[in-house]
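Take a look at the structure set out below.
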Amino acid sequence: MSHVIEMIGIRKEFPGIVANDDITLQVEEGQIHAILGENGAGKSTLMSILFGLYKADRGVIKVRGKEVSISSPNDAFDLGIGMVHQHFQLVHNFTVAENIILGREGGFVYDIRTASRKIKEISDRYGLSIDPDMVIEDITVGMQQRVEILKMLYRDADILIFDEPTAVLTPQEIDELMQIMRNLAAEGKSIILITHKLEEIKAVAEKCTIIRRGKLIGVVDVAGTSVEEMAALMVGRPVSFKVDKGEPRIGEAVLEIRNLDVLNNKHVLGVKDFSLTIRRGEIVGIAGVDGNGQSELVEALSGLRKVEGGQIVFKGQDITNASIQERNEMGLGHIPEDRQKRGLILAEPLSTNFVIKEFYKQPYSKHGILNQEAIVEYGQKIIDKFDVRSGEGITSLAGKLSGGNQQKAIIGREVEADPDLLIAVQPTRGLDVGAIEFIHKELVKERDSGKAVLLVSFELDEIFNLSDRIAVMNAGRLIDIVDTKDTDEHAVGLMMAGIRKEDGSEAQNR
């Protein structure tokens with residue numbers, strides 16, 4: 001088979017870091033080729049060079065055997081190369097069709113009806129199930145990603161780059177995307193999959209190039225290589241996939257949620273008559289299909305959303321109407337679901353983001369004057385402990401970090417604040433296996449030090465690995481609470497569908 005892409009001896013430096021150090025990548029035509037590496041290993045930088053977003057300092061790029069110069073995404077499109085970025089590039093108040101033809105209208109007048117027909121034909125051909133007339137802000141994240149795929153196909157790209165494509169998808173959406181990739185490959189498209197998720201590589205890829213800290217480690221045949229072997233090559237050491245934790249030492253109640261009612265964005269109850277107690281020394285997992293009230297519950301607990309009825313009691317005090325700052329000062333930590341919208345100020349340096357909740361306190365400020373030395377010292381401690389990688393260290397803008405390193409920065413900030421209750425929503429979303437192993441150990445440490453942890457995750461493996469008890473939500477209601485050791489994924493899956501454990505009956509109206 002011929003190589004459709006060859007990147008030979010690629011080097012790219014940024015201030016303070018060599019992102020790509022003499023990397024060679026060879027992708028065969030009509031195959032799915034994975035690029036595996038830790039957060040910040042240089043995967044996205046390499047693909048950004050191929051897509052024309054960066055210019056390599058050194059190296060050669062060949063497309064279909066011919067040496068080329070790619071100076072912009074338009075050059076890449078002209079060569080048949082398209083890219084779905086980790087953070088989608090869509091105009092939210094435009095329709096699907098308007099987003100897809102944006103920049104490709106041609107002349108002063110464009111024919112949206114003809115474009116919509118072509119988009120519908122492409123969508124049907126590859127099983128994307130997209131309505132061209134839907135507005136972006138009204139469709140799910142998974143559907144938005146399909147719009148990005150359609151943008152590539154509409155422009156006749158036959159070399160498709162997917163950059164961490166499942167970082168914000170539900171398990172069902174991930175399965176659907178894997179099938180879409182298979183359909184595309186079966187049609188002769190060449191796919192480059194940037195990921196750190198080993199199970200996805202095993203599911204769809206034929207070859208895998210492994211990068212560690214900017215260097216090429218090797219290329220493996222996926223079918224003949226175990227996930228353990230790939231994980232060890234990626235992080236440079238054996239990785240444990242099982243969380244090691246002893247029996248919980250349960251203490252007093254830290255959080256009591258009493259008959260809580262919360263409205264969702266459509267002004268109907270997203271959380272209905274929900275009650276749950278979380279105690280010191282335990283991790284309680286919330287299991288449920290995305291969109292069943294988890295976001296509204298977490299936002300009510302953290303002070304981001306108004307409570308319509310019921311009560312929230314934290315360490316014996318009613319905080320139902322308390323401000324976010326009051327909750328922070330009482331010892332409530334929050335790792336938010338959306339790291340970019342709720343977790344970080346992207347235009348500010350890491351140093352600012354690390355003290356954003358405590359900058360008005362000593363030692364970070366006195367009489368309104370910031371103590372930069374103390375801020376930098378504290379921030380560097382978090383960077384070192386949580387292995388937050390960035391080109392310019394503590395002065396790096398948060399928005400310049402990879403998604404996984406943004407996540408590690410938030411987790412480091414929240415854990416180092418030493419909260420009595422840590423609400424962790426999708427804490428390992430976008431992290432590689434080595435970072436996941438580390439974060440899981442940190443959450444267990446919080447539990448073992450007498451803190452309470454509320455874990456919200458759409459990964460059932462994560463819920464079962466970490467949780468001592470599991471609370472299952474469906475349609476905004478609590479279906480049941482079970483001890484993890486006394487149940488299994490099948491039983492929890494039924495409850496997630498709204499079926500009560502005790503008698504197998506539907507529980508939506510409970």
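The values are calculated or read from the model by the stated rules, or taken from the named source; none is laboratory data. Computed from a prediction, not measured in an experiment: that's the story for all the values here. Every residue, glycine as well, gets a Cβ built from its backbone with ideal geometry; the counts of neighbours run over all protein chains shown. In case anyone asks, the SASA skips ligands and DNA or RNA and just uses the protein heavy atoms, side chains included. Shrake-Rupley method; radii C 1.70, N 1.55, O 1.52, S 1.80 Å.
Every residue in the stretch 64-73 that is surrounded by fewer than 19 Cβ atoms within 10 Å (Cβ to Cβ) and more than 23 Å from Arg146 (Cβ to Cβ), please. Outline the logic, then answer.
Within the stretch 64-73, the subset surrounded by fewer than 19 Cβ atoms within 10 Å (Cβ to Cβ) is 64-69, 71-73.
Correct list: Arg64, Gly65, Lys66, Glu67, Val68, Ser69, Ser71, Ser72.
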- Out of all the residues in the stretch 213-246, which are closer than 24 Å to Ser48 by Cα, in a strand (DSSP E or B) and not aliphatic (A, V, I, L, M)? Lys215, Gly218
- Item | Lone qualifier among Lys357, Lys306 - being basic (Lys, Arg) and farther than 15 Å from Gly412 by Cα | Lys306
- Task: For residues that are closer than 30 Å to Val141 by Cβ, of a type in the set (A, V, I, L, M, F, W, C) and open to solvent by 70 Å² or more (accessible area, probe 1.4 Å), tally how many sit in the stretch 329-382.
- Result: 2
- Can you tell me how many residues in the stretch 418-446 are open to solvent by 10 Å² or more (accessible area, probe 1.4 Å), touching a strand residue (DSSP E or B) at 6+ places or on another chain (Cβ under 6 Å) and either assigned to a loop (DSSP other than H, G, I, E, B) or of a type in the set (A, V, I, L, M, F, W, C) (or both)? 1
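Is it the case that Ser240 is among the small types (Gly, Ala, Ser), closer than 30 Å to Lys207 by Cα and open to solvent by less than 70 Å² (accessible area, probe 1.4 Å)?
Working: among the small types (Gly, Ala, Ser): yes; closer than 30 Å to Lys207 by Cα: yes; open to solvent by less than 70 Å² (accessible area, probe 1.4 Å): yes.
Answer is yes for this residue.
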- Considering only residues that are in a helix (DSSP H, G or I) and either modelled with pLDDT under 70 or of a type in the set (Gly, Ala, Ser) (or both), look in the stretch 490-509 and name the one that is surrounded by the most Cβ atoms within 10 Å (Cβ to Cβ). Ala491
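Taking the conditions exactly as written (open to solvent by 40 Å² or more (accessible area, probe 1.4 Å), at pLDDT below 90 and not assigned by TED's automatic domain parsing to the domain that holds Glu337), does Tyr126 satisfy them or not?
Numbers: open to solvent by 40 Å² or more (accessible area, probe 1.4 Å): no; at pLDDT below 90: yes; not assigned by TED's automatic domain parsing to the domain that holds Glu337: yes.
It is false that Tyr126 is open to solvent by 40 Å² or more (accessible area, probe 1.4 Å), at pLDDT below 90 and not assigned by TED's automatic domain parsing to the domain that holds Glu337.
Are there strands (runs of 3 or more DSSP E) fully within the stretch 12-123 with at least 2 residues that are of a type in the set (Val, Ile, Thr)? List them.
Values: elements: 17-28, 32-37, 58-63, 66-68, 81-84.
Hits in the stretch 12-123: 17-28, 32-37, 58-63, 81-84.
Can you pull out every residue in the stretch 262-282 that is open to solvent by 40 Å² or more (accessible area, probe 1.4 Å) and either under 23 Å from Asp318 (Cβ atoms) or in contact with a strand residue (DSSP E or B) (Cβ under 9 Å, 6 or more places away or on another chain) (or both)? So that I can check it myself, show each step before the final result.
Restricting attention to the stretch 262-282, the residues satisfying the condition of being open to solvent by 40 Å² or more (accessible area, probe 1.4 Å) are 263, 265-269, 272-273, 275, 277, 279-280.
The answer is Leu263, Leu269, Lys272, Asp273, Ser275, Thr277, Arg279, Arg280.
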- Note on the structure: Note on the stretch 329-379: residues farther than 20 Å from Asn405 by Cβ, touching a residue at least 40 places away in the same chain (Cβ under 8 Å) and not hydrophobic (A, V, I, L, M, F, W, C) are Gly331, Glu358
- Query: Residues in the stretch 8-37 that are more than 27 Å from the chain's Cα centre (by Cα) and open to solvent by less than 10 Å² (accessible area, probe 1.4 Å): how many?
  - Reply: 1
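When you look at Ile210, is it in a strand (DSSP E or B) and either over 21 Å from Glu6 (Cβ atoms) or open to solvent by less than 10 Å² (accessible area, probe 1.4 Å) (or both), yes or no?
On the way: in a strand (DSSP E or B): yes; either over 21 Å from Glu6 (Cβ atoms) or open to solvent by less than 10 Å² (accessible area, probe 1.4 Å) (or both): yes.
It is true that Ile210 is in a strand (DSSP E or B) and either over 21 Å from Glu6 (Cβ atoms) or open to solvent by less than 10 Å² (accessible area, probe 1.4 Å) (or both).
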- Task: Answer yes or no as to whether Ala41 is buried (at least 21 other Cβ atoms within 10 Å of the Cβ) and modelled with pLDDT under 95.
- Result: yes
- For residues that are under 24 Å from Asp78 (Cα atoms), open to solvent by 10 Å² or more (accessible area, probe 1.4 Å) and part of a loop (DSSP other than H, G, I, E, B), tally how many sit in the stretch 133-161. 3
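Does the stretch 447-468 contain any residue that is open to solvent by 20 Å² or more (accessible area, probe 1.4 Å), among the aromatic types (Phe, Trp, Tyr) and within 23 Å of Thr487 (Cβ to Cβ)? If you could, list the steps in order and put the result at the bottom.
The first filter runs over the stretch 447-468 and keeps only residues open to solvent by 20 Å² or more (accessible area, probe 1.4 Å), leaving 448-451, 458-461, 464-465, 468.
Keeping just the survivors that are among the aromatic types (Phe, Trp, Tyr) gives 458, 464.
When the remaining residues are screened for being within 23 Å of Thr487 (Cβ to Cβ), the result is 458, 464.
Yes: one or more hits.
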